[in-house]
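*Asks:* Here it is, the structure in full.
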Amino acid sequence: MDQLLAKLRSRGLLDDDRVAQARAALAEGRPLDDVLVAQGGMTELDMLGQLGEAFHLPLVDLEIQKPTREFVARFPARVLLRHNLLPVSEENGVVSVAIGRPLDRGGLDVLRLATGRDFRPVLAPREEIARRLKEILGVGADTVQSLVSDADASGIQVINHDEDGESDLAAAAGDASIIRFVNQVLTEAIDLRATDVHFEPFEDRFRVRYRVDGVLVEASTPAEVRRFQAAIVSRIKILSHLDIAEKRLPQDGRIKLKIGLREVDVRVSIIPMLHGEAVVLRLLDRGAPLLGLEKLGMAGRDRGIFERVLDLPHGIVMVTGPTGSGKTTTLYAGLSRINDIERKIITIEDPIEYHLDGINQIQVATKAGLTFASGLRSILRHDPDVVLIGEIRDHETAEIAVQASLTGHLVFSTLHTNDAPGAVARLVEMGVEPYLVASSLELVLAQRLVRLVCKACAKQVTPGELEAQELLAEYGERAPVKVWRGAGCRECRGTGFRGRSGIFEVMEVDEEIRSMVLSNSPAIAMRRVANRNGMTSLREDGKRLVLEGRTTLEEVLRMTRDESTALKPEGKA
C-alpha cells in the first residue's frame, strides 16, 4: 500500500497531509478505495482509474457495454446483488465481471465457488453496477430467487388457492421472502417518486408498474414472480387489514408505512380480474414538502387573483380537475399563506394528504358515520374562519358549503370538472340554486400537471418538420425556432422528464359572471366572457411553459384540449 500511496503522491494526486490521513485510516481497517475518495479528495472514477492502472484492471463504461438479461441470468442473483457484481461479457470461457472495489475480491471468490467458472475483474463505479443490476434482474430479484429455491426444494408451488387454502395462503404471505419482496417494491416506488403502484395479473406474468410524474412505467421484476402472485396479494391484504379469503369481491383498505424518517399513507384497492386479483396502491408521502404559492408555477395574473381572493372574509374558492392533478396541493399552498394566529382554519379530508401546523384537520370516517356533510355541520359549530372541504361529492355537502360561505366563512373545496366554467354547471346539477351559487362563488381554478423537461439532460434542439408545423399552428408568429428536450439520463430514467408543474385556468366570478349564473347561461358563454376579461385556458397557460423551455408542446397537448374549437363567435351555429 505504501508503494501505491507513494505513486499517487508522485503524480500529484495526493499531498503529504492526505497521504498521512490515508495511512491513519488504513491502520483503522478502512478499505483503501474508500479512503482515497474520502481523504484523498478524488472522485470515484479517478480512484478506479488510478487503482486500475496500478493493478492492471480495465475500466468499463456500463452505458456502452450493456450485458443482456439472458447473460446475467446465468449467474446466481443473490451472489451478484449481495457483492455488487455484474457479469459483463465472456471470452474464451473467461467471464469479465464488473466490480467497484478493486482490492476486495471476496465476492468473486464466492461467485467462483457457486458456479465453477473462471472470472476476470474489470472496474466500474459501484452505483453504476447496482443500478444496472436492478434494471437487468428486476426489483427483488434475490428475494424471488430465494422463494423459487425454497419452493423447488420443498416441492411446494404457490400459484392459486381456493377457499379451503386460507391457512396455507396466510402462511405463504407471512414468509420472510414475500414480506421482503413487497417491501422492496414499495421502497423503490417511493425512491422513484411514484404516486401509484399497480400489481396486474395476466395469464403468463404478474406485471408491476409505477405511476411517475403522471405516466405509468413498468418496473423490472423477475419473471418467476408470477408463481407467487397470490402470496404477494395476500401480504398486501394482511398489511391493510383485509380479508385474505375473499377473492370474489373488491376490497379497499389502508396501510401506514414508515421508511426512514418518512411517513407514507397507502390507499389500497383490490379488484378480482380474469387471472387473479389486481392491486393498486396510492402512495401519499406525508414527508413531502408543502409548496408555497410561488412554487406552483402560476402566471403573474393568475397568482395575483388567487392571492386577492385569499384575503376575502367569506365566499367559496373552488379548485377543479381530475384525480391526481394537484388540487389539494394548490389549496394547501393557499391555506399556508393565510395560516396565522388571527384565523381558525379547519379541514375535513379523505385522506389527509398534508400535515400543516396550526390547522385543525379532520379525517373522514364513513364507517363510523363521519362523512363530509356530517363533519361539516360539526365544524361550523367550532367557530372557524376558514374551512377546507376535501371534495364536494353530493347535494348535501354542496348546500352546507354554500350556506357556510353566506354566513361569513371562507370555504375552500375541490370538484371534478374539466374546466373552470364547468364548475358552475356542476354545482347547479347537484341541486344548489343558481342564486346561491352566484352569491357565494368567488373563484374557480381549473388545473392540470404537465411534466417538466429534465434539467440534468435538457438541451435546445431544432424541431422537426411535423413539430414545426404544430408549433406554427399553436403559436403563429410567436413559434419558437428552438425547443428544449430532455435527452434522457439517469436522473429521469431515460424519459427526458423529471418533476411536474401546474398549468391553470383561473376564472374570477365578477358581476358579469354572476348575472350569467343567475340566468342559467351555458358554460361556453361564461368561457367567452371570462376569456374576454383576461382568463387564459389550460392550453394557453401550458404554451407559456413551452416558451419558457420548461416543458414540451407534446406534453401540453397531451394534457389539455383545444377550447378554441368550441368558442364559435356568438350568434353563429
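*Asks:* Among (1) part of a strand (DSSP E or B); (2) exposed (fewer than 14 other Cβ atoms within 10 Å of the Cβ), where does Gly358 come up short?
*Replies:* (1) is the only condition that Gly358 fails.
*Asks:* Among the numbered criteria (1) among the small types (Gly, Ala, Ser); (2) without any contact (Cβ under 8 Å) to a residue 40 or more places away in the chain; (3) surrounded by fewer than 20 Cβ atoms within 10 Å (Cβ to Cβ), which single criterion is violated by Gly486?
*Replies:* Here Gly486 clears every test but (3).
*Asks:* Could I ask something else about it? Could you give me the residue pairs with C-beta distances under 9 Å whose first residue belongs to region 275-301 and is in contact (Cβ under 8 Å) with a residue 24 or more places away in the chain, whose second residue is β-branched (Val, Ile, Thr) and part of a loop (DSSP other than H, G, I, E, B) wherever it lies, and which are 6+ apart or on separate chains?
*Replies:* Matching pairs, first to second residue: Leu284/Ile352; Arg286/Ile352; Ala299/Thr536; Arg301/Thr536.
*Asks:* Could you list, ordered by first residue, the pairs with Cβ atoms under 6 Å in which the first is in region 339-363 and farther than 14 Å from Thr329 by Cβ and the second is in a loop (DSSP other than H, G, I, E, B) and open to solvent by 50 Å² or more (accessible area, probe 1.4 Å), at least 6 apart or interchain?
*Replies:* Asn339/Gly358; Arg343/Asp385; Lys344/Asp385
*Asks:* Take the residues in region 81-99 that are touching a residue at least 40 places away in the same chain (Cβ under 8 Å) and not in a strand (DSSP E or B); name whichever of them is most open to solvent (accessible area, probe 1.4 Å).
*Replies:* Among those residues, the one meeting the criterion is Arg82.
*Asks:* Looking only at region 289-337, which residues are hydrophobic (A, V, I, L, M, F, W, C) and open to solvent by 50 Å² or more (accessible area, probe 1.4 Å)?
*Replies:* Those that are hydrophobic (A, V, I, L, M, F, W, C) and open to solvent by 50 Å² or more (accessible area, probe 1.4 Å): Leu290, Leu291, Leu312.
*Asks:* If the requirement is being touching a Ser or Thr at 6+ places or on another chain (Cβ under 6 Å), modelled with pLDDT under 85 and among the hydroxyl-bearing types (Ser, Thr, Tyr), which of these qualifies: Ser89, Ser146?
*Replies:* Ser146
*Asks:* Based on what the data block shows, is Arg426 more than 31 Å from the chain's Cα centre (by Cα) and either modelled with pLDDT of 90 or more or not β-branched (Val, Ile, Thr) (or both)?
*Replies:* Taking the combined requirement at face value, the residue does not satisfy it.
*Asks:* Next question, about the same structure. Kindly provide the set of residues from region 201-251 that are hydroxyl-bearing (Ser, Thr, Tyr) and closer than 13 Å to Glu277 by Cα, ordered by number.
*Replies:* Within region 201-251, just Ser234 meets the criteria.
The values are calculated or read from the model by the stated rules, or taken from the named source; none is laboratory data. What you see is a predicted model; the values in this text were computed from it and never measured. Every residue, glycine as well, gets a Cβ built from its backbone with ideal geometry; the counts of neighbours run over all protein chains shown. Note: areas computed on protein heavy atoms with side chains; ligands, DNA, RNA excluded. Shrake-Rupley method; radii C 1.70, N 1.55, O 1.52, S 1.80 Å.
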